[in-house]
Amino acid sequence: MYCRKCGAEIPDDSEFCPKCGAAQKAGQQAATGNAQEKTGNQEEVLKEMKCPNCGAPLNPAPGEAMVVCSYCGTSISLGSLGWSRVSKHFILDIKVQMKDQAEQISKSFLDDSIFHRHLFEKSELKKVELNYIPYWIMDAGYSAQYQYKREQVNPGGFVAVGMGGRGGFGGPTMNFQTVVESGSDVNEVKYPVIAIENMNQYQPPDYVFNLANKRAIGQSDMNGPVKLLNGTMGEEKARMEGKIRIQQWEIRKLQRSVHGFLSANVTVDIADMYLVHIPIWSLQFQHKNESIFLLIDAHNARVMEETKA
């Protein structure tokens, strides 16, 4: 079971929490409690959580696994050992601050093609909003061993040709043979994994943020007009998902860059991971019967991805 005060995981028969010393409710044992009672206890624990930095109440919503204190900006993660502070939490400043700026970036993107000419003007903007979205950044190295096919030309014999009624030989024949070759790719990436599980539309499969100007999050960041969203994905699950996403990302890169690509075996080693709140404009357009969802990186002023629903 979990401590009613600090949230630490403790033995089922504990009368006092070995971590904070708080007395536990008599008879509160996971072995004898039913599922409804267990859920109620967990919700009670969540309501009593306090920030380990400033002591302010956290009051996380059900399902949230990572909460930013609205008073001091400390980020706290809920793991198997209770609440713990996220050691590395950063933020990117907003460069695209105005709604008109976001619309202009989306207009340039939507109209930058002969196939998209005047698409912006022909579409209705249904929704536009700016939020700080939490992403786990996987600082990883990866290596890929891949196979691809190519056509190899093998010179053959000579072709007989007519020479004014007399026999003769022409040029050599060319035989084409498909051969399978191997290659390798070794590199590093800081790949983002969104920390909110029910917002996969904010997960750009092939977009990597420029994090050169990230800075530590502070109390002043909590007083701005842009909301910092909490996360539902803890570090352990994010690490596992990050490995899978980086493998898929590398395979897509090889498919685009290696002619005749067949397959690849990708190994990922995550050296470090940290949390970054990134300002994201989301815009939703309606074009005829088609819904267009556009993401803009509000720090780097770049379109992240276009998805159609």
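The values are calculated or read from the model by the stated rules, or taken from the named source; none is laboratory data. Please read all numbers here as calculations on a predicted model, not as lab measurements. A quick note on method: Cβ atoms are made from the backbone with ideal geometry, for glycine too, and the neighbour counts reach across all protein chains shown.
Numerical summary
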item: First in region 182-193 and in contact (Cβ under 8 Å) with a residue 24 or more places away in the chain and farther than 15 Å from A238 by Cβ, second anywhere and in a strand (DSSP E or B) and of a type outside the set (G, A, S), Cβ under 6 Å, 6 or more apart; result: S182/Q147; G183/Y146; S184/Q145
item: Near pairs, Cβ below 8 angstrom, 6+ apart or cross-chain, from region 50-77 (within 14 Å of P134 (Cα to Cα) and free of Cβ contacts under 8 Å to residues at least 60 places away in the same chain) to any residue that is of a type in the set (S, T, N, Q) and outside any strand (DSSP E or B); result: T74/N53
item: Extreme residue, modelled with the lowest pLDDT, among residues of region 223-247 that are loosely packed, with under 15 Cβ neighbours inside 10 Å and more than 28 Å from Q97 (Cβ to Cβ); result: E236
item: Hey, I76 buried (at least 17 other Cβ atoms within 10 Å of the Cβ) and either farther than 26 Å from N210 by Cα or modelled with pLDDT of 80 or more (or both) or not; result: yes
item: Some residue of region 86-96 being over 26 Å from D272 (Cα atoms) and either surrounded by fewer than 21 Cβ atoms within 10 Å (Cβ to Cβ) or in contact with a helix residue (DSSP H, G or I) (Cβ under 9 Å, 6 or more places away or on another chain) (or both); result: yes
item: Of all residues in region 254-290 being among the β-branched types (V, I, T) and in a strand (DSSP E or B), the one that is surrounded by the fewest Cβ atoms within 10 Å (Cβ to Cβ); result: T267
item: Selection status of S257, hydroxyl-bearing (S, T, Y), over 20 Å from the mean Cα position of the chain (by Cα) and within 27 Å of K95 (Cβ to Cβ); result: no
item: Region 129-161 - residue that is modelled with pLDDT of 95 or more and of a type in the set (V, I, T) and, of those, nearest to the chain's Cα centre (by Cα); result: I137
item: Residue within region 291-304 that is without any contact (Cβ under 8 Å) to a residue 40 or more places away in the chain, surrounded by fewer than 21 Cβ atoms within 10 Å (Cβ to Cβ) and not in a strand (DSSP E or B) present; result: no
item: Among (1) polar (S, T, N, Q); (2) more than 13 Å from the chain's Cα centre (by Cα); (3) outside any strand (DSSP E or B), the one test that Q248 misses; result: (2)
item: Any hit, region 201-210, residues being within 30 Å of C54 (Cβ to Cβ) and buried (at least 16 other Cβ atoms within 10 Å of the Cβ); result: yes
item: Which numbered condition L125 fails, given (1) surrounded by fewer than 11 Cβ atoms within 10 Å (Cβ to Cβ); (2) modelled with pLDDT of 80 or more; result: (1)
item: Every residue from region 228-263 that is of a type in the set (G, A, S) and within 18 Å of V189 (Cα to Cα); result: A238, G242, S257
item: Residues being under 21 Å from V96 (Cβ atoms) and part of a loop (DSSP other than H, G, I, E, B) - total across region 207-222; result: 9
item: Subset of region 48-80 [more than 17 Å from E236 (Cβ to Cβ), touching a Leu at 6+ places or on another chain (Cβ under 7 Å) and part of a loop (DSSP other than H, G, I, E, B)]; result: M49, C51, P60, C69
